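K.L.:
My structure is below; once you've seen it, I'll send some questions.
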Amino acid sequence: MTAASRSASPVDRARKKLHELLATDDPRAGIPWGRIYWFIGDERFVRSNNPLNNMAMARRIVLERRAPAPNIHPIPTDVASPNVAAARYEQELKGRYP
């Protein structure tokens, strides 16, 4: 069974609920969106167009409406292997946090 064919797990449903809460217009939240940098991985290594991809869900529900694009840093899952993705992400993190 592939990641794409599995239904959402309880963790996936909780993650989605968190994203939905972050997307609300509740003024009490006071979230400084311009000061938050999003580094989101995906333990299943599913492509970015897969509905189970963590970053795809976060982008769709909240990040596209709230976070500045330069502050969003997904781990690449559209590459040949998890090792290639890890190496690329390592370089991105080192560039951000030398």
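K.L.:
Taking loop as defined by DSSP and a crowding limit of 10 other beta carbons within 10 Å, which GluC sites (Glu not before Pro) in segment 6-98 fit? The partial results should precede the final answer.
P.N.:
Values: sites: Glu20, Glu43, Glu64, Glu90, Glu92; in loops: Glu43.
In loop regions of segment 6-98 (DSSP not H, G, I, E or B), the sparsely surrounded GluC sites (Glu not before Pro) are Glu43.
K.L.:
Next question. Name the trypsin sites (Lys or Arg not before Pro) in segment 45-85 that are in a loop by DSSP and that have at most 10 other C-beta atoms within 10 Å, would you?
P.N.:
Filter output for segment 45-85: empty list.
K.L.:
What's the local net charge at Pro70, with K and R +1, D and E -1, over the other residues with C-beta under 15 Å away? Before the final figure, lay out the partial values.
P.N.:
On the way: positive: Arg35, Arg59, Arg66, Arg96; negative: Glu64, Glu92.
Around Pro70, the surrounding residues sum to +2.
K.L.:
Where nothing but the Cβ of Lys and Arg (+1) and of Asp and Glu (-1) is charged, how large is the charge dipole of the chain around its Cα centre, in debye to the nearest 20? Before the final figure, lay out the partial values.
P.N.:
On the way: 16 positive and 10 negative charges, 26 e Å.
Approximately 120 debye in magnitude.
K.L.:
Calculate for the chain the 222 nm mean residue ellipticity that helices alone would give, adding -39,500 (n - 2.57) per DSSP H run of length 4 or more and normalising by residue count, nearest 500 deg cm²/dmol. Kindly include the intermediate steps, with their values, before the conclusion.
P.N.:
Working: 3 runs with 33 residues, N = 98.
Computed ellipticity for the chain at 222 nm equals -10000 deg cm²/dmol.
K.L.:
Report the dimensions of the chain along its three principal axes from the alpha-carbon atoms, largest first, rounded to Å.
P.N.:
42, 38, 17 Å, listed from the longest principal axis down.
No lab work stands behind these numbers, since they all come straight from the coordinates. Because the structure is a prediction, the values reported are computed rather than measured. In this analysis, Cβ positions are derived from the backbone assuming ideal geometry, glycine residues included, and neighbour counts consider all displayed protein chains.
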